[in-house]
Amino acid sequence: MMNLTLIDAFRRFGAKPESRLSSLSAMAADGAMVLNCLPAHFGHPARGIFRYESSLSAAEADSTRVTALSEHLTQARDASLPVRMIVTFPDGEKAGKGGSYHVRPDLTGKIVEFDGDRFVIDFTRPQAASPPLAGRRK
């Protein structure tokens, strides 16, 4: 796996983070929200669903980054925008120096809850169109 910087990870989704080192979210050129996630906040509530749950009050970042995250969550919720995932592995969670970043282009998220603090995003794999059944007659 290639080591990405945070800015490279956001760029993979067409987004430019406000901070090169610690952005929590950004909006991509295609309108999707890009979220910087931590592994500890993931769960699997049902088959095929990868859930991310956290809160703004739990974010360990300065107020401008938390405010930007709140604005991005509100915009994505209100406009039903897709959410893209970057996973940040802090020091010590993966081999190598410093933290590392991983992108998940295979998953698309949808905000299922955001009350102004707590937020829940369900990520799923997009459904492939099923091919028509060959030889089927009416």
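The values are calculated or read from the model by the stated rules, or taken from the named source; none is laboratory data. These figures come from a predicted structure and were not determined experimentally. Here the Cβ positions follow ideal geometry from the backbone for every residue, glycine too, while neighbour counts run over all protein chains shown. Ligands, DNA and RNA are stripped out before the accessible areas are found, and what is left, the full protein with its side chains, is counted by its heavy atoms. Shrake-Rupley method; radii C 1.70, N 1.55, O 1.52, S 1.80 Å.
Things worth noting here:
- Placed amide H near Cys37: partners under 5 Å, 5+ positions off or other chain: Ile86, Val87, Thr88
- Surface composition of segment 1-59: carbon plus sulfur atoms contribute 52% of the solvent-accessible area (1.4 Å probe, protein chains only, all chains present).
- Sequence-distant residues sharing a close amide H with Val112 (under 5 Å, placed H): Val120, Ile121, Asp122
- Along segment 103-115 the Karplus relation, 6.51 cos²θ - 1.76 cosθ + 1.60 evaluated at θ = phi - 60°, assigns HN-Hα couplings of 9, 10, x, 7, 10, 10, x, 9, 6, 9, 7, 7, 9 Hz to successive residues, with x for each Gly and Pro.
- Sequence-distant contacts, meaning Cα pairs under 8 Å at least 6 residues apart, place the relative contact order of segment 1-104 at 30 percent.
- In this structure, the amide hydrogen of Leu4, modeled 1.01 Å from its nitrogen in the peptide plane, lies closer than 5 angstrom to those of Tyr101, counting only residues at least 5 positions away or on a different chain.
- Positive-end residue, segment 3-109 charge dipole about Cα centroid, Cβ charges, pick of Pro17, Gln75, Ala29: Ala29
- Note on Asp115 and Ala46: the model spin-label points, each 7 Å out from Cα along the C-beta direction, lie 2.1 nm apart.
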